[in-house]
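In what follows, a single structure is set out as structure tokens and then discussed.
What follows is calculated from the coordinates using simple rules that are stated; it is not laboratory data. All of these numbers come straight from a predicted model, not from anything done at the bench. Positions of Cβ are generated from backbone atoms using ideal geometry, with glycine treated the same way; all protein chains shown enter the neighbour counts.
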Amino acid sequence: MFEARSIWQVKENAEAFLRDERGAVPGAGLQMSVMECVIREWAPVPKRILDLGCGDGVLGRYLLGSFPEAECIFADFSEPMLDAAREKLGKNSSHRLLKADFSSAEWVKIVKPYAPFDVIVSGFAIHHLYDERKKKLYSEIHGLLSPGGIFLNLEHVKSSTPEVERLFEEFYTDHLHECFLSVDPGTSRETAADIYKNRPDKEEDKPAPVDEQCSWLRGAGFKDVDCFFKVFEIAIFGGRK
């Protein structure tokens, strides 16, 4: 579970991720478009959005651009990530940043005064939690949604076999290498592979299969649960209240 010693509490690790890996996530533009499509169909005029585990706020910032009338709450347990979000968001009356550690139910007390939410999104934040905590978190999220509200999780999920996991690692390394080449044309693929293999959050990763997580969402009371996007270990799944 997340603790104070998490690598994301270390400023240098957070900055390294945002600098070196954020732009390498394959299909990032398509992922955002898929999430916006689902939201426009099920909650066309969201009044309040929660970006849970917001990192530097890239997902919430995209949604604010798509739904400018909405109020967006950005929540994360990592102060360095929140600092990055503050810097990129600037002064805007339609957002608020909260420090909330969702590794335990205590985070609900911090966020609940701003509930209910029409949309709750999370981007690459929940896979660090143990399975039992994921299940409880999904129930807590359900309780914070307005009737008909949507939860969408853009997440790193577990591959079905070690061979598929290897394929994803090669796929991601290729994208990471392309990202590095755009900055330094002399970067070797071996360098990118080494950075991916030794990424600081590797030991904290606890991804679960997307079908199991969809089952947990149904058990938490969500309906219309589905996986809306999946490329190897990158998936968007969720449902509505």
- Normalised per residue, the volume inside the convex hull of the alpha-carbon atoms of region 155-241 in Å³ amounts to 112 Å³
- Under a no-solvent Debye model with one identical scatterer per Cα of region 91-135, what's log10 I(q)/I(0) at q = 0.19, 0.23 Å⁻¹? -0.75, -1.04
- Query: Charges only on Cβ, +1 for Lys and Arg, -1 for Asp and Glu: so what's the dipole of region 7-240 about the Cα centre, in debye to the nearest 20?
  - Reply: 980 debye
- Query: Taking other Cβ within 10 Å of each residue's Cβ, how do Tyr138, Tyr130, Tyr196 sort, fewest first?
  - Reply: Tyr130, Tyr196, Tyr138
- Whose amide H sits under 5 Å from the amide H of Leu98, counting only residues 5 or more places off or on another chain, with H placed in the peptide plane? Phe74, Ala75, Asp76
- In bins 10 Å wide, starting from 0, what share of all Cα pairs of region 7-240 does each bin hold, as a percent? 7, 33, 39, 18, 3, 0
- Note on the structure: Taking the chain and counting helices only, DSSP H stretches of n ≥ 4 at -39,500 (n - 2.57) each over all residues, the nearest-500 ellipticity at 222 nm comes to -13500 deg cm²/dmol
- Express in % the proportion of alpha carbon pairs of region 41-161 at distances exceeding 20 Å. 38 percent
- Task: Post the alpha-carbon centroid distance, region 83-154 to region 215-241, in whole angstrom.
- Result: 16 Å
- For the chain, return all DSSP H helices satisfying: extent of Cα atoms along own axis at least 18 Å; mean Kyte-Doolittle hydropathy at least -0.5. 28-42, 162-183
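With an 8 Å cut-off on Cα pairs and a minimum separation of 6 or more residues, tell me the relative contact order of region 7-240 in percent.
Reported as a whole number, the value is 21 percent.
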- Item | Derived scalar couplings ³J(HN,Hα) [region 115-129; Karplus, 6.51 cos²θ - 1.76 cosθ + 1.60; whole Hz; x for Gly, Pro] | 6, x, 10, 7, 9, 10, 10, 9, x, 6, 10, 7, 5, 6, 8
- Query: Based on the Cα gyration tensor of region 61-104, what are the three equivalent ellipsoid semi-axes, each the root of five times an eigenvalue, rounded to whole Å and given largest first?
  - Reply: 20, 12, 8
